[in-house]
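Structure first, commentary second.
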Amino acid sequence: MVKVAPSVLSANFAELKKDLDMIKACGADWIHYDVMDGHFVPNISFGYSILKDISKVTDMYLDVHLMISHPMKYVDEFIKAGASLITFHVEAMANETSTRELIQHIQNQGIHVGLSIKPTTQVDEIEKYLDDVDLVLVMSVEPGFGGQSFQHQAIDKIRKLHSLKNGRHFIIEVDGGINAETGLLCKEAGVDVLVAGSYVFQADNCQKAIDSLK
C-alpha cells in the first residue's frame, strides 16, 4: 500500500492544527511541506519557522520539499526545525560535486534525503545518485503553484525509476495533480508515496479522499 502525504500548501492556516489532526485521523502517512522562494519557482510559500511550529503540534513524518535556489545555504535551518526528510531539486545545483556534498551533508545529520526532478528533467540525469538517496520525487506538474493538471510523462519516469531499483533502497514519490484516477496510474507504475494537496484538504470527505489513494 502506498503512503499518502497531504501537502499543507492546501491547508487552512487559520485552523492548521485542526487540519493536521484531521488528516492524521483520516489515515495520512506523511505531511508534505512545500518551500518556495520566488526565485527557483515563481511563487513564495513559507520557510522554516512555520515548519518548527508544525513539528510542535504533530508527530507525523515531515516530508520537506525545497523548491529553492542555493538549498545548502538554508538546509540546516529546516533540519533544526524538525524535518524528517529533505528533498531538493537537482536543477538547483551547480554541478555533481555540489549535489553529492548536499546529499552527504543531510545524511550526516541523520535526516533522510530526496532528490526531485521537474517535468522537463529526465531520469537519466539523476541515475548516478540513486545509490545514495532515500527518495526520488517526480514532479508531475511544473513546481510553483497548486491546482495544476497532471502531466502524464511522469508515469514513464516512475516506471523507469521502479525498474532501476535493483536492490537500491530509494523510494519513489510523485507530486502534482494527484487524485484517485492519476494516483491509480502512478501506483500501477510503481510509485511509493503520493502527494496530494487540494484533493485531500478540500475534499468533502477527507477519509474517503485518502482511502481512494491507498
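Checked against the criterion of being under 27 Å from GLU142 (Cβ atoms), crowded, with 21+ Cβ neighbours inside 10 Å and at pLDDT 95 or above, segment 15-25 contains one or more residues that satisfy it.
Beta carbons closer than 8 Å, at least 6 apart along the sequence or on distinct chains, pair a first residue in segment 121-133 that is more than 17 Å from ALA154 (Cβ to Cβ) with a second that is among the acidic types (Asp, Glu) for LYS128/GLU96. Restricting the first member to segment 19-34 and to residues that are on the phi > 0 side of the Ramachandran plot, and the second to residues that are surrounded by 21 or more Cβ atoms within 10 Å (Cβ to Cβ) and in a helix (DSSP H, G or I), the beta-carbon pairs closer than 8 Å and six or more apart or on different chains are GLY27/ILE210.
Among residues of segment 81-96 being in a helix (DSSP H, G or I) and of a type outside the set (Asp, Glu), the one that is surrounded by the fewest Cβ atoms within 10 Å (Cβ to Cβ) is VAL90.
Just checking, does segment 97-111 include any residue being of a type in the set (Gly, Ala, Ser), farther than 11 Å from ASP175 by Cα, in a helix (DSSP H, G or I) and without any contact (Cβ under 8 Å) to a residue 60 or more places away in the chain?
Among the residues of segment 97-111, at least one is of a type in the set (Gly, Ala, Ser), farther than 11 Å from ASP175 by Cα, in a helix (DSSP H, G or I) and without any contact (Cβ under 8 Å) to a residue 60 or more places away in the chain, which makes the answer yes.
If only residues of segment 41-75 that are in contact (Cβ under 8 Å) with a residue 60 or more places away in the chain and not in a strand (DSSP E or B) are counted, the one that is surrounded by the fewest Cβ atoms within 10 Å (Cβ to Cβ) is PRO42. Just to be sure before I move on: is PHE78 of a type in the set (Phe, Trp, Tyr), surrounded by 20 or more Cβ atoms within 10 Å (Cβ to Cβ) and either farther than 22 Å from HIS169 by Cα or at pLDDT 95 or above (or both) in the structure I sent? Yes; evaluated as a whole, the condition is true for this residue.
The values are calculated or read from the model by the stated rules, or taken from the named source; none is laboratory data. Quantities reported herein were computed from a predicted structural model and do not represent experimental measurements. Every residue, glycine among them, receives a Cβ derived from its backbone with ideal geometry; neighbour counts consider all protein chains shown.
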